[in-house]
Amino acid sequence: MEYLAAWMFLALTILLMAGFPVAFTLLGTSLFFGLIGFGWSFFDLLPLRIYGRMTNVTLIAVPLFVFMGVMLERSGLAEKLLDTMALLFGRLKGGLAISVVVVGALLGASTGIVGATVVTMGLLAVPTMLRRNYQKELACGTVSASGTLGQIIPPSIVLVLIGDIVGVSVGDLFMGAVLPGLVLVTLYIIYILLAANLRPGIAPPIPKAELDAISHRELLARVGKALFPPLFLMISVLGSIFAGIASPTEAAAVGAVGATLLAIANKKFNLEMLNQVMRQTTNLTCMVFIILCGAAAFGLVFRGLDGDTLVREFLGSLASAHGKYVVLAIVMGVIFIIGFFLDFIEITFIHVPVLAPIMLEFGFDPVWFCILLAVNLQTSFMTPPFGFSLFYLKAVTPPEVTTGHIYRGIIPFVFFQLIGLAIVAFFPQLATWLPGVVFSR
């Protein structure tokens, strides 16, 4: 039975690499091997498994966070933020790129949707940086990396999904992700400052005369107006969770209402916009949940065929020979490599249910391990050939920006992201300290 599970996993991998749709590949593989392994009684078990997934209250947060992100994207918030932050950091070499990182972090804490953030900043920031004589690679790499910060900075959809799969409180994961997210933001800014000062021509500052045309009082007023909306949304969503007022699902509903109020305040809200937001939310949610159904079926068959026992024995032998931290490094390396070819949703639903329980048996802190997974999965958006952030960016950049510029631009950011992963791995307190302080009150 264990070897049948290995053949099942191999068949799934080959079909995914061949380009077949993920949801149907998961379901088709599960049905085929389920019939071989269990016979027709398999169909008595499958509906109960899928029904259990669909009635999970925690997962209601997914469509609500998606709605919040899409609504916020249409509210015009990003444009104001970029313009204002550019003026705030404009005197520094690389200041415009730093402003993109800051805006990416703020949008990540407000939306959590990578596609919306990358497309919005690609449309607004890349042409601006090119007009300011920024190097194409630096401009593209900055936007691509900053747009993925929503995967780790809460509220993050990937944290909701991982928390549900691993059985860890989403509130704990949101708290645990705050400091690692800030570590990544800091590393990106350090790289930009180093690159801009070592090679001044690739990221010049905004001319002093242009900055002097705006008084300090006017600049402060603009910064306050631009920062208030995302801070309002962050406090309403994360503050209600951290204060114990609302669960993550209830806070997601608060965020959806808050994003709608911001769109109304910016005079962007109308029935046509609402219709578009609801359609896009439905499309994204259906994509996530149909893959979830396929993953539920796959997990049922894989465990029924003792596939998890096979993986546990293999990793256990490695741990006995080399130690559990070597196994952790191998698991993280495998997930990083898989991220070159699969989307984070596919990795979350296919690999995490198999690997996470085994790693927790080795004694790793569940919050810390989940945060490591989230940081690692974030790189899947930036690693070619199938990094979705790269596709989103290429679709909206000017014609003079080639795929080569984008690929070369993300290499330093992927490197610094791996440094961030190593920092969180070597200092678990970055992920565990804040949840321990807040939820031990």
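Given (1) open to solvent by 10 Å² or more (accessible area, probe 1.4 Å); (2) touching a helix residue (DSSP H, G or I) at 6+ places or on another chain (Cβ under 6 Å); (3) modelled with pLDDT under 85; (4) not hydroxyl-bearing (Ser, Thr, Tyr), identify the lone condition not met by PRO200.
(2)
Return the pairs, sorted by first residue and then second, in which the second residue is assigned to a helix (DSSP H, G or I) and open to solvent by 60 Å² or more (accessible area, probe 1.4 Å), the first residue lies in region 6-29 and is among the small types (Gly, Ala, Ser), the beta carbons are less than 6 Å apart, and the residues are 6+ apart or on different chains.
Partner pairs satisfying both residue conditions: ALA23/ILE290.
Condition check: among the β-branched types (Val, Ile, Thr), modelled with pLDDT of 75 or more and either buried (at least 19 other Cβ atoms within 10 Å of the Cβ) or over 21 Å from the mean Cα position of the chain (by Cα) (or both). Does ILE347 satisfy that? Spell out how you get there, then give the answer.
Working: among the β-branched types (Val, Ile, Thr): yes; modelled with pLDDT of 75 or more: yes; either buried (at least 19 other Cβ atoms within 10 Å of the Cβ) or over 21 Å from the mean Cα position of the chain (by Cα) (or both): yes.
Against the criterion (among the β-branched types (Val, Ile, Thr), modelled with pLDDT of 75 or more and either buried (at least 19 other Cβ atoms within 10 Å of the Cβ) or over 21 Å from the mean Cα position of the chain (by Cα) (or both)), ILE347 qualifies.
Under 7 Å by Cβ, and 6 or more places apart or on different chains, what pairs join a residue from region 42-71 that is open to solvent by less than 80 Å² (accessible area, probe 1.4 Å) with one that is small (Gly, Ala, Ser) and not in a helix (DSSP H, G or I)?
Qualifying pairs under 7 Å: PHE65/GLY112; GLY69/GLY112.
Looking only at region 300-321, count how many residues are farther than 29 Å from LEU46 by Cα and in contact with a helix residue (DSSP H, G or I) (Cβ under 9 Å, 6 or more places away or on another chain).
From region 300-321, those farther than 29 Å from LEU46 by Cα are 316-321; that's our starting set.
If we keep only those that are in contact with a helix residue (DSSP H, G or I) (Cβ under 9 Å, 6 or more places away or on another chain) as well, we get 316, 318-319.
Qualifying residue count, region 300-321: 3.
Output the number of residues of region 387-411 satisfying the condition of being assigned to a loop (DSSP other than H, G, I, E, B) and either under 22 Å from the mean Cα position of the chain (by Cα) or not charged (D, E, K, R) (or both). It would help to see each step written out before you state the result.
Start the filter on region 387-411 by keeping residues that are assigned to a loop (DSSP other than H, G, I, E, B), which leaves 387, 397-402.
Add one more test, that the residue is either under 22 Å from the mean Cα position of the chain (by Cα) or not charged (D, E, K, R) (or both), and what stays is 387, 397-399, 401-402.
So the count comes out to 6.
Here is a yes/no grid of residues against (1) part of a helix (DSSP H, G or I); (2) open to solvent by 10 Å² or more (accessible area, probe 1.4 Å); (3) closer than 15 Å to VAL102 by Cα; (4) of a type in the set (D, E, K, R):
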| position | (1), (2), (3), (4) |
| --- | --- |
| GLY171 | yes, no, no, no |
| GLY176 | yes, no, no, no |
| VAL185 | yes, yes, yes, no |
| LEU194 | yes, yes, no, no |
| PRO204 | no, yes, no, no |
| ALA209 | yes, yes, no, no |
| ALA221 | yes, yes, no, no |
| ALA226 | yes, no, yes, no |
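Of all the residues that make up region 130-178, how many are over 15 Å from the mean Cα position of the chain (by Cα) and on the phi < 0 side of the Ramachandran plot?
Our first condition is that a residue be over 15 Å from the mean Cα position of the chain (by Cα); within region 130-178, this holds for 130-142, 164-169, 171-172, 175.
Subset that is on the phi < 0 side of the Ramachandran plot: 130-132, 134-142, 164-166, 168-169, 171-172, 175.
Selection size over region 130-178: 20.
Show the residue pairs meeting these rules: Cβ distance below 6 Å; 6+ apart or different chains; first residue within region 292-313 and more than 19 Å from VAL62 (Cβ to Cβ); second residue of a type in the set (Phe, Trp, Tyr).
VAL301/PHE33
Whether any residue in region 72-88 is open to solvent by 10 Å² or more (accessible area, probe 1.4 Å), modelled with pLDDT of 80 or more and not in a helix (DSSP H, G or I) is what I want to check.
Looking for residues that are open to solvent by 10 Å² or more (accessible area, probe 1.4 Å), modelled with pLDDT of 80 or more and not in a helix (DSSP H, G or I), one finds none in region 72-88, hence no.
What's the number of the condition LEU27 fails, among (1) assigned to a helix (DSSP H, G or I); (2) open to solvent by 60 Å² or more (accessible area, probe 1.4 Å)?
Exception for LEU27: condition (2).
The values are calculated or read from the model by the stated rules, or taken from the named source; none is laboratory data. All figures in this text were calculated on a predicted structure; none of them were measured in a lab. Positions of Cβ are backbone-derived with ideal geometry, glycine not excepted, and every protein chain shown enters the neighbour counts. Please note that ligands, DNA and RNA were not included when accessible areas were found on the heavy atoms of the full protein model with its side chains. Shrake-Rupley method; radii C 1.70, N 1.55, O 1.52, S 1.80 Å.
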